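The structure appears below as C-alpha cells.
Just so it is clear, none of the values below were taken in a lab; they were calculated from the coordinates. Just so you know, these numbers come straight off a predicted model, no measurement behind them. Because the Cβ atoms are built from the backbone with ideal geometry, glycine has one as well, and the counts that use them run over all protein chains shown.
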Amino acid sequence: MPGVLDGIRVLDFGRYIAGPFCAALLGDLGAEVIRIERIGGGEDRGMIPVGAGPATEPFTGGGAMFLAMNRSKFGMTLDPAASKGREIVRKLVATADVVVANLPPRVLRSLALDLDSLRQTKPDIILTTVTAFGSGGPLSHKHGFDGIGQSMSGAVYLSGTPEQPIAIKVPWVDFGTACLSAFGTLAALIERGKTGRGQKVEGALLRTAIAFANAALIEQALTGVNRTATLNRGFNSAPADIFRTKDGWIVATVIGGPMFRRWARMIDEDHWLSDPRFKDDQSRADHGEIISARMSEWCASRSCAEALAALEEASIVAGEVYSPQQALDDPHIRAAGLLEEVAFPELDNTLPLAPTPIELSETPGAYRRRAPLVGEHTDEILRSLGYTAPEIAALRAERVI
C-alpha cells in the first residue's frame, strides 16, 4: 500500500535513538530512507546485543536497539570525511528531500552537512538535526544523552526517593525527541509544498524533557511547593500508586470525586467520603501516604487477577505491572498487533518489533523492510548514482565505502 511519504528520500546520518528513530518513522510512512554509517558499522549498531549461534559466530545484524531503530531503511557504509566520500554525499543530497543528522553543529559543518552547505547542492533540502541542549544557551556546544534531559528537567529528582533519585530505564527523552523531530519534519515538508523552500528542523533532548515536565515546572513557579520524590505515589491525586498483591504488582489511579467515591466504597471506607482530608484530588494526594497504605492492605490479600477484577467492576483505572516477558506474552498486546514478528538473517527466532506507533485509517504506516546488515545496499545505492562496478570496487579498496 502506498505511504504518505512515497517519493520522499531521506538520508539518515543519525546514531543511537533520536535521529535513527525519527528516520524510521518517516520510513514507516513510505519515505525511502538510506542509513549511512561508518565502514564496519556505526558505534550504535551493537547496542543491547542479542547473540545468535556460538560465540565464534557472532550475530552481525546489530543489537536490539539497532534492529528497532533502523527498520524501513536501506543501508550503506561510507566515509563522508574522505574527498571521494564527500562527492558521494553531494550526489546523494542532490537526490534527497530530507537529511537527518543528530550530530553536533561543529561535526555537521566539518562534514558539510549543515544547512548552508546542503543548500549549495539542493536548495530546497530539509535538514533535521537533534542536539542535547538546543541552540542559544551556554551549554549548546555540549554533548548529552537521554539521562541528561531526564535529570535537568526535574523528572529524575521527582522519581525514587529524596535519598535516591531514579532515572527511567526506557529512554523517553530520546524517543520523545525522535517523535517530535519526525513531527517537525512533516511540517517542514508541508511548508515546502506551499513555498518551495526547505528549512532546518532542530530537536533537542533538553527541550523535549522540559516540555514534557512543564506542568511540574509551572506548579513550582506559581506555588513554590518544592515537591520531593515519593516513590510511585502520585503528587496530584490518590490513590495513585503501585501496589503489591499476593502474586505480583498492580498500578491503580483514582482521579476525580466520582471515581474516589467508588473506590472508597469498594474498600469499605465510606466514612472517608466526608473526611475533609480527602475532599478533592489535591487534598487526597497531600494525604496520599494514608490512602496508599490502606490500598496496599486491600491488595495484599488478593491476587493480581482478583484485585483487577474488583477494580474493573468499580470502573477504576488499573493494570498489572508486567515484566518484559509478560509484556511479550500478553494476549491483548498480541491481538492488537502491538508487536509484529519479523524474520531476520542469521536468527532462528523472529524479532518482536513494535510497528508504527500511530495508526492512520487510510494510509497506515508499515514496515518496509528489516534493519539493514552492515553496508547491505551500498553497491545498489552507488549504482543508482551512476557508479560502475569497477568504480565501486576501487572505492571499496580505498576504504571510502
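What ranking, highest mean first, results for peptides 117-123, 136-142 when packing means the other Cβ atoms within 10 Å averaged over each residue?
Numbers: 117-123: 16.0, 136-142: 11.1.
Descending mean neighbour count gives 117-123, 136-142.
Between Leu231 and Asp247, the modelled label-to-label distance comes to 2.3 nm, taking each label 7 Å out from Cα in the direction of the beta carbon. Applying the criteria of a DSSP loop state and at most 15 other Cβ atoms within 10 Å to the GluC sites (Glu not before Pro) of the range 162-263 yields Glu163.
Taking a virtual spin label 7 Å from the Cα of Thr95 along the C-beta vector, which residues in the range 384-401 bring their backbone nitrogen under 13 Å of it? Residues passing the 13 Å test: 384-388. Kirkwood-type hydrodynamic radius, the range 140-187: 12.0 Å, calculated from all non-identical alpha-carbon pairs. The alpha carbon radius of gyration of the range 192-263, expressed as a multiple of 2.2 N^0.38 Å, is 1.79.
So what's the back-of-envelope 222 nm ellipticity for the chain, counting only DSSP H runs of four-plus at -39500 (n - 2.57) apiece and dividing by all residues, rounded to 500? List each step's numbers first, then the result.
Details: 17 runs with 157 residues, N = 401.
Estimated from H runs of four or more residues: -11000 deg cm²/dmol.
Compared with the dominant Cα axis of the chain, that is its longest principal axis, helix 288-300 is turned about 90°.
If you filter the range 357-401 for GluC sites (Glu not before Pro), then keep DSSP loop positions with at most 14 other Cβ within 10 Å, what is left? Intermediate results must be reported in sequence, preceding the final value.
Numbers: sites: Glu359, Glu362, Glu376, Glu380, Glu391, Glu398; in loops: Glu359, Glu362, Glu376, Glu398.
Here the GluC sites (Glu not before Pro) that fit, given the DSSP loop and packing criteria, are Glu359, Glu362, Glu398.
Among the listed pairs Lys122/Lys142; Lys84/Lys122; Lys122/Lys200; Lys91/Lys142, those with a Cα-Cα distance over 22 Å are Lys122/Lys142; Lys91/Lys142. Just checking the listed ones, Ile166, Ile316, Ile218: in the Gaussian network model of the chain with Cα springs under 10 Å, the one fluctuating most is Ile218. I'd like the distance separating the alpha-carbon centroids of the range 150-226 and the range 1-34, in whole Å. Taking the Cα centre of the range 1-34 as reference, the centre of the range 150-226 is 21 Å away.
About its Cα centre, the dipole of the chain is roughly 1420 debye, where the only charges are +1 on Lys and Arg Cβ and -1 on Asp and Glu Cβ. The angle separating the long axis of helix 83-94 from the principal Cα axis of greatest extent in the chain is about 70 degrees.
Each 5 Å bin from 0 upward holds the following percent of the Cα-Cα pairs of the range 87-128: 6, 27, 38, 23, 6.
Of all the options Thr356, Thr128, Thr185, the one that moves most in a Gaussian network model of the chain with Cα springs shorter than 10 angstrom is Thr356. Starting from one equal scatterer on each C-alpha and no solvent at all, send me the Debye-based log10 I(q)/I(0) for the range 93-174 at q = 0.18, 0.21 Å⁻¹, two decimals. Cα-only, vacuum Debye calculation for the range 93-174: -0.80, -0.94. What net charge is computed for the residues neighbouring Ser159, neighbours being all others with C-beta under 13 Å from the C-beta of Ser159, Lys and Arg scored +1, Asp and Glu -1? With Lys, Arg at +1 and Asp, Glu at -1, the neighbours total +2. Structural size metrics of the range 107-235, computed from C-alpha coordinates, are Rg and Dmax of 18.0, 55 Å. The alpha carbon gyration tensor of the range 1-143 gives principal lengths a ≥ b ≥ c with a/c of 1.5 or higher and a/b greater than b/c, which makes the shape prolate.
What the pair-distance distribution of the range 170-295 shows, using all Cα-Cα distances binned every 10 Å from zero, is 11, 28, 24, 18, 12, 6, 1 percent. All other residues whose Cβ lies under 14 angstrom from that of Ser292 are scored, Lys and Arg at +1 and Asp and Glu at -1, for a net of 0. Rounded to the nearest angstrom and listed largest first, the equivalent-ellipsoid semi-axes of the chain from its Cα gyration tensor are 47, 25, 19. Each Lys or Arg adds one and each Asp or Glu subtracts one; over the other residues with Cβ under 15 Å from the Cβ of Ile17, this totals 0. The long axis of helix 214-223 is offset from the longest Cα principal axis of the chain by roughly 50 degrees.
Does the range 306-373 come out rounded, prolate or oblate, given a ≥ b ≥ c as the square roots of the eigenvalues of its C-alpha gyration tensor, rounded meaning a/c under 1.5 and, failing that, prolate meaning a/b above b/c?
Numbers: a/c = 4.07, a/b = 1.76, b/c = 2.31.
Oblate shape, in that a/c is at least 1.5 and b/c is the bigger or equal ratio.
Here r is the Cβ-Cβ distance between Glu346 and Glu219 and R0 is 56 Å; the resulting FRET efficiency, rounded to 0.05, is 0.65. Segment Asp280..Ala327, full-extension length gain: 13.5 nm, with 0.36 nm per residue of separation and the alpha-carbon distance subtracted.
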